[in-house]
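Notes follow once the structure below has been shown.
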Amino acid sequence: MQKLIALIILLATPALSICLIDCNTTKCADLNYYMKKCNKCKSVGKKCAASFCANHPELCKNNQPLRPLSVATAEMRDERLHDVCMVPLFAKFTFEGNMNSTLTPDNLNTLNIVFFEQTKGEAHKRNIGSVRNVLANYFALLYPELKTYAPKKASEQVSLMIRMKFGKPLEQCSNLDFHTIIDTVRAEIYKRKGIPLTKASESYQNRNYPVTISKMGCHSEKLFKPIR
């Protein structure tokens, strides 16, 4: 009788049914899945929380997803930013003196040909530093042991992986190379995070450059011309 009553309650409240069934799965690691299925739930299952927090550590507190998460709102609750566009994509990691707190979807979307061409001061050196920081965090996503290495060894390993993946060191890359490298890696990061993608175009000096950006409704996405 108790099982029958529980079934009747679930059938009568589809939202509750979704939270209990669809939000106790490792599919929650996919941000798009979580936002569509589970973001409005008062609580989610252990599998859901564990998989989500493993893939989106900066969107969690006490091993539970922040609630509710938002898109393009800059919403703060309990001194934590809940905006999926503005929260760092990676757990805290310092590489060659650079923090990864600025590696958010909004910022990563805008790391393209315009950014690299307009970098002032020692432009090439700064561009290399920006690209290495993104790549170090990307490689740490693939190979978490990278975070445990001593700083010198971590730098050496990142340099080696860059040459293996892209065929040459960053010192030999042009700004267009930087644009292409980041576009490739950005797409791979977003796919692993479960962030939907879209193809867009960035204009610079009367030329159009293709870019792959997120498709969540973030403010930065509006800076680009969609490719239909």
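The values are calculated or read from the model by the stated rules, or taken from the named source; none is laboratory data. Please read all numbers here as calculations on a predicted model, not as lab measurements. Quick reminder, even Gly has a Cβ in these numbers, built from the backbone with ideal geometry, and neighbours come from all protein chains shown. For the accessible areas, the whole protein counts, side chains as well, though only heavy atoms, and no ligand, DNA or RNA atoms are used. Shrake-Rupley method; radii C 1.70, N 1.55, O 1.52, S 1.80 Å.
Some points to look at:
- Pairs from K42/K215; K27/K168; K61/K225; K47/K222; K92/K191; K168/K191 whose Cα-Cα separation, in the structure shown, is over 28 Å: K27/K168; K61/K225; K47/K222
- Centre separation in Å (Cα based) which lies between the stretch 139-194 and the stretch 196-225: 22
- Helical runs (DSSP H, four residues minimum) scored at -39500 (n - 2.57) apiece and divided by the length of the chain put the mean residue ellipticity at 222 nm at -13500 deg cm²/dmol.
- Per residue accessible area of the stretch 65-200, 1.4 Å probe, in Å²: 49
- A Cβ-based charge dipole, computed about the Cα centre of the chain with Lys and Arg at +1 and Asp and Glu at -1, lands at about 560 debye.
- Secondary structure note: in the chain, about 95% of the DSSP beta bridges are antiparallel.
- Only one residue of S214, S203, T110 has its Cα farthest out toward the positive end of the dipole of the chain, where Lys and Arg carry +1 and Asp and Glu -1 on Cβ, and that residue is S214.
- With the charge dipole of the chain set up from +1 on Lys and Arg Cβ and -1 on Asp and Glu Cβ about the Cα centre, the Cα lying farthest toward the positive end among the listed residues T184, C38, F90 is that of C38.
- The chain shape via C-alpha gyration tensor axes, a/c threshold 1.5: prolate
- Distance histogram for the stretch 93-204 (every C-alpha pair counted, 10 angstrom bins, percent rounded to whole numbers): 13, 48, 34, 5, 0
- Positive contributions from Lys and Arg (+1) and negative ones from Asp and Glu (-1), summed over other residues with Cβ under 14 Å from the Cβ of S159, come out at +3.
- Accessible surface of the chain, 1.4 Å probe, proportion on carbon and sulfur as whole %: 55
- The chain: Cys lacking any partner C-beta under 4.7 angstrom: C173
- Rounded, prolate or oblate (a/c below 1.5 giving rounded, otherwise prolate when a/b exceeds b/c) for the stretch 161-228 by Cα gyration tensor: oblate
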